[in-house]
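Report on the following structure.
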Amino acid sequence: MLALATSLLAMLCADPFADQVVDFAPGVGGSPGYDQPATALGPPERLTGEAAGQPMVVSPFAPAWSPDELVSLGAGGFIVLGFDEPVIDDPANLYGVDLLLFGNAGLIDGAYPAGICAGLFGGDGGVVEVSADGTTWIQVDPLADALWPTMAWRDTGPYAVDPGDLPSDVVRPMAPTHTVDDIMGQGWDAIVPLYDGSAGGTGVDLAPTGLAAISFVRISVSDDAFLTPEIDAVVDVGRWGDATGDHLVNVDDILAVVGAFGHTGLHLADRTADGVVDVGDLLLVLECWP
């Protein structure tokens, strides 16, 4: 029992991002220069364009675009990503979602720069398969590069240059019932609440696969595909100890929990996802201390 508890705690404390590129084959017609598979590791982008000297906050209207942030697969291409810790099929996860995939889909602005949704662009698909052993693969329903576009901060505008103070939660999925029709014609002030604190991404529930856990994700494109996806990150929804959104666990996370102690409802410091910031969240952060 102690060994099991230790193992579960280790998974909660580990970073939730894909850790290794197991295999990669670029296809035909991918975006030129977007051929570095390691860009799919680590967290989804919060700032884009820094390498080109044009930094901008990633938002649904301003998705990541730089070659050092995305990998483009191309027709017939694929990428296989591996996790150091298994991604568990956990019905207790919000909406039952276990995995999030981030691409560079975005919302069309029908009244630039006001941020009025007039549709989706860059949702280029990509078949998603998962595996426990890297040999036997099971396809899942959602496409890789689709809804929802990444929202990096909850308190910036659609085309902000400077980061905000309220980072979105990269391990919080959006409600699967939401569709782009829910925000058609809606402005920024209506779109942000729909995200409900999430950073977006395409949610995957592992339950239909029958697998208790997976360690590998393969994203591929058919040989005759007209559109090919760009991949930013693949994320395990399992909770972890980062209460500030900076992908680190340190004294700032303790201060964040203490500062929000007693808060009910949505809050990044609620690491146990039970609807209240309390001693359980503080203990999780302390247990995840490096």
Taking amide H positions as placed 1.01 Å from N in the peptide plane, with prolines and chain starts having none, which residues 5 or more places from TRP153, or on another chain, fall under 5 Å of its amide H? SER168
For the stretch 127-135, what does the Karplus curve 6.51 cos²θ - 1.76 cosθ + 1.60, with θ = phi - 60°, yield as ³J(HN,Hα) per residue in whole Hz, taken in order and with x for Gly and Pro? 6, 10, 10, 10, 8, 7, 10, x, 10
By Cβ neighbour count within 10 Å, fewest first, TYR195, TYR159, TYR112 rank TYR112, TYR159, TYR195
With n ≥ 4 as the cut-off for DSSP H runs, can you work out [θ] at 222 nm for the chain, using -39500 (n - 2.57) per run divided by the number of residues, rounded to the nearest 500? -4000 deg cm²/dmol
For the stretch 14-238: relative contact order, % (alpha-carbon pairs under 8 angstrom, 6 or more apart): 33
Determine the distance separating the Cα centre of the stretch 60-112 from the Cα centre of the stretch 232-290; give it in Å without decimals. 22
What shape does the stretch 143-272 take by its C-alpha gyration tensor, where a ≥ b ≥ c are the square roots of the eigenvalues and a/c under 1.5 counts as rounded, a/b above b/c as prolate, and the rest as oblate? oblate
Is the chain rounded, prolate or oblate when judged by the Cα gyration tensor, a ≥ b ≥ c being the square roots of its eigenvalues, rounded requiring a/c under 1.5 and prolate requiring a/b larger than b/c? oblate
Mind listing the long-range amide H neighbours of GLY123? Cut-off is under 5 Å, sequence gap 5 or more, other chains count too, H placed in the peptide plane at 1.01 Å from N. GLY106
Looking at the chain as a GNM with Cα springs under 10 Å, which of THR228, THR264, THR177 has the largest mean-square fluctuation? THR177
Can you list residues whose amide H is under 5 Å from ASP68's amide H, if they're 5+ apart or on another chain and H is modeled 1.01 Å from N? none
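Bear in mind these aren't lab numbers, they're just calculated from the coordinates by the rules spelled out. Note that the structure is predicted; figures quoted are calculated from it, not measured. Cβ atoms come from the backbone with ideal geometry, glycine included; neighbour counts cover every protein chain shown.
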